[in-house]
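Undergrad: Would you mind keeping the following structure in view while I ask a few things?
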């Protein structure tokens, strides 16, 4: 009787589901590529930020040499502070010190907010549409976009770096296995007594 029953062929997957899984696997591979290269990307961001800060340091020194003023001196001190913060970022990435990276993130977020406020102030105070100003605003918009991308990537790496091994295990496995082990050890100790 069992042989009399008809065997049904396995159901074929519909093309739509296959496309969906292919699309998902492409996203996962891109995400994995970014995560595996995230330290290199962060180092590149830190080095480019250091070069940017050093360029402005040289410009502030040249301004101070040609015309000494209180504003030039404040600009030089501010840029030197910026260089120190970027060096802290590089050391934080190299030595895996999340506190140093946090300082850079706070400093960069303050600069990001300041850039947006200056942009809004510039737009609000412009009386007429001028092509030169429009070009300046588009460059500022591009700079803000790049700056926000860099802050996001460094913050993402900071969160990965800041997670402790126990937290990583809990996030991966979905449960806290260390508590179970400590409970079983304490029960064993009670039994021995």
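Values quoted throughout were computed directly from the atomic coordinates according to the rules given, and no laboratory measurement underlies them. Quick caveat, the model's predicted, so the values are computed rather than measured.
Undergrad: Among rounded, prolate and oblate, which fits the range 78-124 when a ≥ b ≥ c are the square roots of the eigenvalues of its C-alpha gyration tensor, a/c under 1.5 means rounded, and a/b larger than b/c means prolate?
TA: Prolate.
Undergrad: Just check the range 68-156 against the gyration tensor rule for me: Cα atoms, a ≥ b ≥ c as the square roots of the eigenvalues, rounded for a/c under 1.5, and otherwise prolate or oblate depending on whether a/b exceeds b/c.
TA: In terms of gyration-tensor shape, oblate.
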